[in-house]
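Accompanying notes for the structure given below.
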Amino acid sequence: MNKRLMGLLAVFVLLAGMLAGCGSATTSGKDKNHIVIGAAMPVFDDKWLSYLYDGINQYDKAHKNVEVKMVDAKNDSSKQMSQVDTFITQGVDAIIINPVDTDAVEPMVNAANDANIPVIIVNRMPSKKVMKKIYAYVGSESLEAGTIQMKKVAELLGGKGDIGLMNGTLGQESVVKRTQGNKDVVKENPGMKIVREASADYQRSTGMTLMENWIQSGKHFDAIVANNDEMAIGAISALDEAGKRGNIIVAGIDGTIDALKYVKDGKLNVTAFQDANGQGKGAIEAAIDAVKGKKLKNKFINIPFQLVTKDNVDEFIKKWQK
């Protein structure tokens, strides 16, 4: 009797195990029925990045088999590392990272690799070493942005003038390369000179404060060139309030809807459109491809920058209205 009971118990345990296995198969992303993606974002309080998040969330809502867990690192790399660790513990199928600091992203990638979870980095390009360890990078070439931005400024200035350069959050790949693109063009134009350079942390209010300080210093400017639109708009506000705008050229990067309105009104002379929504959508599509085991020919999924002036601004405004 005891042997028969033990035999029945063994069969029960075996069946329970098989049922549990079937249950996990219907919820795991590996069988493509339900894909869970962790999205580690640097900060929610950023105008341009909010459009990138929209691209991810819109895709998430349109696909019932996709679940996105998005978290805010509040611009803290150690917090972002902890959030990635949590995703790994939860057993997500893929992780999208928009790094707080590209220099600090490698340990996050290594941890995900150890857990066999593919990583997609979006918007802020990591080092070549890290690029080898991730499934894909989705973004735009920051060097191109800084180059086409400053070339247009040089054209508007006739190759001569004093430049104030506003940097974004120091340490970020976008800041390094956009600024490099700016400076490469200045070197090609001996009549142009960078007379002031400082960080305004990619924020409108900080850009306004920095411009107020520059105005108070009495320094002459022919152009203010900012690593993003928010700082450029902050500079415009400060110049307008001080009655100092005159013929000063102001240039930004990103092509946010706010910035495009400023271009249309003639307040912002130049911006370089970066498709935030397209980057977000591209990142989540790459994450799903990674889960499904699709092989990529090129890890850099490029979403090109496009120069925007008053002459063509309407076509970019239409992009935000879709």
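The values are calculated or read from the model by the stated rules, or taken from the named source; none is laboratory data. What you see is a predicted model; the values in this text were computed from it and never measured. Cβ coordinates were reconstructed from backbone atoms using ideal geometry, including for glycine residues, and neighbour counts include every protein chain displayed. Note: accessible area is taken over every heavy atom of the protein model, side chains too, but ligands, DNA and RNA are not part of it. Shrake-Rupley method; radii C 1.70, N 1.55, O 1.52, S 1.80 Å.
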Review point. What net charge is computed for the residues neighbouring D314, neighbours being all others with C-beta under 13 Å from the C-beta of D314, Lys and Arg scored +1, Asp and Glu -1?
Key: +2
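Please state the charge dipole magnitude for the chain, taken about the Cα centre, from unit charges on C-beta atoms (+1 on K and R, -1 on D and E), reported in debye and rounded to the nearest 20.
Details: 41 positive and 38 negative charges, 206 e Å.
About 980 debye.
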Practice item. Go ahead and collect, in residue order, the members of the range 299-317 whose backbone nitrogen is under 19 Å from a label point 7 Å along the Cα-Cβ direction of N113. Key: 299-301
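Report the FRET efficiency, 1/(1 + (r/R0)^6), for E188 and K61, where r is their Cβ-Cβ distance and R0 is 35 Å, rounded to 0.05. It would help to have the intermediate numbers written out before the result.
Details: r = 46 Å, r/R0 = 1.32.
E(calc), rounded to 0.05, equals 0.15.
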Practice item. With everything on Cα atoms, drop me the angle between helix 173-188 and the longest principal axis of the chain, reported from 0 to 90° to the nearest 10. Key: 30
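I'd like the FRET efficiency for K160 and E197, computed as 1/(1 + (r/R0)^6) with the beta carbon distance as r and R0 of 22 Å, rounded to 0.05. Provide the component values of the computation, followed by the final result.
Working: r = 19 Å, r/R0 = 0.84.
After rounding, the FRET efficiency stands at 0.75.
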Point to revise | Beta bridges by DSSP in the chain, antiparallel share as percent, to the nearest 5 | key: 10
Exercise for review: Report in % the part of the accessible area of the chain that belongs to carbon and sulfur, leaving out ligands and nucleic acids; probe 1.4 Å.
Suggested key: 53
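My understanding is that a pair violates if its Cα-Cα distance is over 21 Å; which of K133/K295; K151/K187; K297/K319; K128/K299; K219/K244; K47/K151 do that in this structure?
On the way: K133/K295 14 Å; K151/K187 11 Å; K297/K319 29 Å; K128/K299 11 Å; K219/K244 11 Å; K47/K151 26 Å.
Check vs 21 Å cut-off fails for K297/K319; K47/K151.
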Point to revise | Hypothetical label at S50: residues of the range 202-243 whose amide nitrogen lies under 15 Å (7 Å Cα-Cβ projection) | key: 203-205, 229-231
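Report, please, the projected area of the range 142-273 averaged over directions, based on the convex hull of its C-alpha atoms, in nm². Each step should come with its number before you reach the end.
Details: hull surface 26.9 nm².
Mean projected area of the Cα convex hull: 6.7 nm².
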Exercise for review: Sum -39500 (n - 2.57) across every DSSP H segment of at least 4 residues in the chain, then divide by the residue count to get the 222 nm mean residue ellipticity, nearest 500.
Suggested key: -16000 deg cm²/dmol
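Grab the other residues whose beta carbon is less than 12 angstrom from that of T102, score K and R as +1, D and E as -1, and report the net.
Taking every other residue near T102 into account, the sum is 0.
Given R₀ = 25 Å, what would the calculated FRET efficiency be for K244 paired with L170, taking r from the Cβ atoms and rounding to 0.05?
Numbers: r = 27 Å, r/R0 = 1.07.
The computed FRET efficiency comes out at 0.40.
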